[in-house]
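Structure record follows, encoded as structure tokens.
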């Protein structure tokens, strides 16, 4: 949670500096973000590859456990497709791309900004932050009424780290490995899904 | 975009090869944080200079939350089914 607030603070500081025109124009004209994105993706890869939890998790793979991230993806796409039917501001493709962040707001917002521009990037940022917040707040409720996989699926990619403590508290630590597995798989898939969709 | 995917895959392989080098991992996780801070700062900056987004910020935020509500509801319902069919019976 502390990490999320720091990230948000950087966004807000950038926002304010931009709004009040406090930075020299040449800084705005050069687009460094693509290079920073390249570096981030390389580093995210290192993080995934070296994650001891994910190494352990790969050993426990079986057909059943793969159904969990698969359900998250299917369910998310069904959900946003229904939303696409009742509004006409965003296209189905755009909605699916935003949904494909699965709560990993820093990565998804940056990737989507790079491909589709800032408006959709901001939507991805806010939407995926709220996915993490909803999971943190409603995990007890989800676990109680919709089974033990519900908090994991609500957490999406965050179920491997930021929302893992609260999830295991309510569904039991025997589901921790499934939670981490689902989060790892979704985290790896996010850039691929977004690149394919947009 | 293909560059992004290649870089991430290269990172995964490198991370896997070096997963015992604690110092390297510490530095790379610290750098990851700063890359995220920089990118979110830059996103903030470009949003801050974009009148179209600023004028519609309320509506954009409202839409973003609605997307999440639908996405989370869909995921929960599908995984509820998965739970009932494949997971629950093993616990009894």
Quiz prompt | Where residue A:157 falls short, out of the listed (1) more than 11 Å from chain B (Cβ to nearest Cβ); (2) on the phi > 0 side of the Ramachandran plot | solution = (2)
Self-check item: Check on residue B:60, facing chain A (nearest Cβ under 7 Å), in a helix (DSSP H, G or I) and either within 19 Å of residue A:66 (Cβ to Cβ) or modelled with pLDDT under 90 (or both)
Solution: no
Quiz item: Of the residues A:27, A:5, which single one is modelled with pLDDT under 75, at negative phi, part of a helix (DSSP H, G or I) and surrounded by fewer than 12 Cβ atoms within 10 Å (Cβ to Cβ)?
Solution: A:27
Practice problem: Provide a single number: the residues in segment A:123-138 that are over 12 Å from the mean Cα position of the chain (by Cα) and surrounded by fewer than 24 Cβ atoms within 10 Å (Cβ to Cβ). | Solution: 4
Quiz item: Does segment B:84-91 contain at least one residue that is closer than 15 Å to residue A:75 by Cβ, in contact with a helix residue (DSSP H, G or I) (Cβ under 6 Å, 6 or more places away or on another chain) and at the interface with chain A (Cβ under 7 Å from one of its Cβ atoms)?
Solution: yes
Exercise. Check off (1) at pLDDT 90 or above; (2) surrounded by fewer than 19 Cβ atoms within 10 Å (Cβ to Cβ) for residue A:173 and give me the number that stays unchecked.
Key: (1)
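Matching residues to (1) within 28 Å of residue A:51 (Cβ to Cβ); (2) more than 7 Å from chain A (Cβ to nearest Cβ); (3) outside any helix (DSSP H, G or I):
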site: B:12; (1), (2), (3): yes, no, no
site: B:15; (1), (2), (3): yes, no, no
site: B:26; (1), (2), (3): yes, yes, no
site: B:40; (1), (2), (3): yes, no, no
site: B:77; (1), (2), (3): no, no, no
site: B:82; (1), (2), (3): yes, no, no
Quiz item: Within segment A:66-77, is even one residue part of a loop (DSSP other than H, G, I, E, B) and either more than 10 Å from every other protein chain (Cβ to nearest Cβ) or more than 22 Å from residue A:5 (Cα to Cα) (or both)?
Solution: no
Self-check item: Members of segment A:88-122 found to be crowded, with 24+ Cβ neighbours inside 10 Å, more than 7 Å from every other protein chain (Cβ to nearest Cβ) and farther than 19 Å from residue B:47 by Cα, listed by number
Solution: A:97, A:100, A:101, A:102, A:103, A:104
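The values are calculated or read from the model by the stated rules, or taken from the named source; none is laboratory data. Bear in mind the structure is a predicted one, so any value in this text is a computation, not a measurement. Backbone-built Cβ (ideal geometry, glycine too); neighbour counts: all protein chains shown.
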